[in-house]
Amino acid sequence: MTRKLRPVSVELFPTVLESMRQAPFNLDDAGIAWVESTLARLTIVEKVGQLFCGIGIDLSERGLDETLAVCTPGGIMYRPCTIDEAIGFGNLLADKIDIPMLIAANLERGGNGIVAEGTQLGSPLEVAATGEVEMARKLGELCGREGAAVGANWAFAPIIDIDYNWRNPITNIRTFGSDPQRVRDMGVAYVEAVQAHGIAASIKHFPGDGRDERDQHLVTSVNDFSVEEWDATYGEAYKASIDAGAMTVMVGHISQPAYSRALRPEQADEDILPASLAPEIMGDLLRGKLGFNGLVVTDATTMLGFTIPLPRSKAVPTSIAAGADVFLFTRNLEEDFGFMLEGANDGTISPERLDAAVARILGLKAALKLHEAKPAPTVESARQVVGCEEHQSWSRECADKAITLVKEEAGVLPLTPERYKKLLYIPIESAQGVAYSVRGGACEIVRTKLVKEGFDVENFEPKSFFEGSIEKTEDFIATYDAILYVANLSTKSNQTSVRIEWAQPMGANGPHYLASIPTIFVSIENPYHLIDVPRVKTFINTYNSNDNVLDALVEKLLGRSTFKGKSPVDAFLGRWDTTL
């Protein structure tokens, strides 16, 4: 069956250019003149090149030359590299490309989103658990400072998805939680702070992840709210950040059927497309109802959520025709560039739509003053900012205020060597290590810290748990003073669920002795593990695994620091047994 492609609104280029005098671009006459003159000299091939934002996996001159042999893109996203690599490649871009580049990074948790030496203040959910909007502002401030120090000018953040579905395999600790007002307020604080440092924020993932239990990396996912529900939640969050001046919006491969039906009542359900391909979502809703005047970028177009609905030859140009300005990543640069150029030549992308998209790209560059001469960042100047003591102190503050004692059995804490000398330690990490967690080995780091504190720590080793061969309960109880579980299982893209898989046989490392030995369960990366240990009576969430969090965790376990965090999601999952 062939999908019917819907007509898209034609944008009049002069109107778009004139709108750049308004927020979020706020260009003066000189800025408008630069955009207009730059656009006027570009060939159609060069205009199409500007639409692309690639991924900086190969930060070498040869890698750049291979890209430039196909097209000159408008931007690039860095994956975490070193300060030297970031500065060096930025200088290379400036030497080889005359139109300044947009340099993006996932600055979601801190400067570590762009360079390995960067400070990780905390995951958004950790920030939310502090209950302080000011902490979200510090996150934006830190990302702005450290990102700009190494040449970034575009933050693919903040995430203003709302974590309504605990089964969602991608939102989780990447969100500011499940309270729409908190998400709205913290999103605004981040936007204002990061953009004060000349880094454009990209609020994401429009029209909002967190409703579906599926991952847009693997399927076109669905935001199933009604129009009224969406307006009161996701709509409020996006409108607030737009009104606060957010310069860009990242559009996800997420459909919003209620709005698609309301805005295009004539279309059949099978013709409802993800937002990244839907003119009614990017145009009528985002630009129309919400009044967004900035730049729209797709989420990564290598995701199945984008590749499934249409043949790629149609999907690539349709994304721009439907209202996106920037096309993020490619499956094959030469092929995708060819698809986009063909779409510009055959009218899929009208000349007006192409010029409007490129004008917004240039307008963002002008708004960020990238076209103006200024000293390039140096390795020396970057090292004075990245990882500085003030930023580390913010990270420690966030950890101290965020770690949450979700529930507590009276009298079990504090966990000290004087009270519980012999400790049975049960780490829960995927056998694939870092593939299933943000930081592989975090459980071992915690164990080492406990040993240094004077505990006699014995790691659990599965024995035969078949009937008739299990050691006597009284012997087991007599051996250990307390049991400590530490789970380090994190959500990630391309993963369908995060649940505890107990050891064989018969859940050997499960909480068999919960009713007999004081037991504490700590989840480092996922706030929802009570689904698998509902009757654990002492349960702690840390929302993150950086050094400052792990240090603060041990301090709180030993009673040297109080628990201050408040859960920004329902850690009890709405179930009666998890509260026992």
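The values are calculated or read from the model by the stated rules, or taken from the named source; none is laboratory data. All figures in this text were calculated on a predicted structure; none of them were measured in a lab. Using ideal geometry, Cβ is built from the backbone for each residue, glycine included, and neighbour counts are taken over all protein chains shown.
Some points to look at:
- With respect to (1) farther than 16 Å from Ile162 by Cβ; (2) of a type in the set (A, V, I, L, M); (3) in a helix (DSSP H, G or I), the lone exception for Leu218 is condition (3).
- Scanning segment 99-110 for residues that are free of Cβ contacts under 8 Å to residues at least 24 places away in the same chain and either on the phi > 0 side of the Ramachandran plot or surrounded by fewer than 22 Cβ atoms within 10 Å (Cβ to Cβ) (or both) turns up nothing.
- Within segment 34-55, the set of residues being assigned to a helix (DSSP H, G or I), of a type in the set (Ser, Thr, Tyr) and without any contact (Cβ under 8 Å) to a residue 40 or more places away in the chain comprises Ser37 only.
- Residue that is touching a helix residue (DSSP H, G or I) at 6+ places or on another chain (Cβ under 6 Å), buried (at least 24 other Cβ atoms within 10 Å of the Cβ) and of a type in the set (Phe, Trp, Tyr), where the choices are Tyr259, Tyr234: Tyr259
- Complete set of residues in segment 322-335 that are buried (at least 23 other Cβ atoms within 10 Å of the Cβ) and more than 24 Å from the chain's Cα centre (by Cα): Ala322
- Leading residue by the ranking (nearest to Thr119 (Cα to Cα)) among those in segment 497-526 that are of a type outside the set (A, V, I, L, M) and in contact with a Leu (Cβ under 7 Å, 6 or more places away or on another chain): Glu525
- Number of the exception - Ser313 against (1) among the hydroxyl-bearing types (Ser, Thr, Tyr); (2) in a loop (DSSP other than H, G, I, E, B); (3) surrounded by fewer than 18 Cβ atoms within 10 Å (Cβ to Cβ): (2)
- Picking from residues in segment 145-159 that are over 16 Å from the mean Cα position of the chain (by Cα) and not in a loop (DSSP other than H, G, I, E, B), the one that is surrounded by the most Cβ atoms within 10 Å (Cβ to Cβ) is Glu146.
- Residue in segment 73-81 that is assigned by TED's automatic domain parsing to the domain that holds Ala244, modelled with pLDDT of 95 or more, part of a helix (DSSP H, G or I) and under 22 Å from the mean Cα position of the chain (by Cα) present: no
- Looking across segment 188-231 at every residue that is surrounded by 24 or more Cβ atoms within 10 Å (Cβ to Cβ) and of a type in the set (S, T, N, Q), the one that is nearest to the chain's Cα centre (by Cα) is identified as Ser202.
- Whichever residue in segment 508-521 is free of Cβ contacts under 8 Å to residues at least 40 places away in the same chain and in a loop (DSSP other than H, G, I, E, B) and, among such residues, is surrounded by the fewest Cβ atoms within 10 Å (Cβ to Cβ): Ala515
- For Gly288, the criteria (1) without any contact (Cβ under 8 Å) to a residue 24 or more places away in the chain; (2) buried (at least 18 other Cβ atoms within 10 Å of the Cβ); (3) among the small types (Gly, Ala, Ser) hold in every case but one, which is (2).
- All positions within segment 48-72 that are β-branched (Val, Ile, Thr) and either modelled with pLDDT of 95 or more or touching a helix residue (DSSP H, G or I) at 6+ places or on another chain (Cβ under 7 Å) (or both): Val48, Ile55, Thr67, Val70, Thr72
- No other residue among Asp95, Asp58 is outside the structural domain of Ser202 (by TED's automatic domain parsing), part of a helix (DSSP H, G or I) and either within 23 Å of His205 (Cα to Cα) or not hydroxyl-bearing (Ser, Thr, Tyr) (or both) apart from Asp95.
- Boolean, Asp346 is outside the structural domain of Glu117 (by TED's automatic domain parsing), surrounded by fewer than 23 Cβ atoms within 10 Å (Cβ to Cβ) and not small (Gly, Ala, Ser): no
- Search result, residues across segment 488-506 that are within 14 Å of Pro534 (Cβ to Cβ) and touching a residue at least 40 places away in the same chain (Cβ under 8 Å): Ile500
- Residue check for Arg360: in a helix (DSSP H, G or I) and either surrounded by fewer than 23 Cβ atoms within 10 Å (Cβ to Cβ) or over 25 Å from the mean Cα position of the chain (by Cα) (or both): no
- Of residues in segment 522-580 being closer than 20 Å to Phe176 by Cβ and of a type in the set (Asp, Glu), the one surrounded by the most Cβ atoms within 10 Å (Cβ to Cβ): Glu525
- Condition check for Ile99: among the β-branched types (Val, Ile, Thr) and at pLDDT below 95: no
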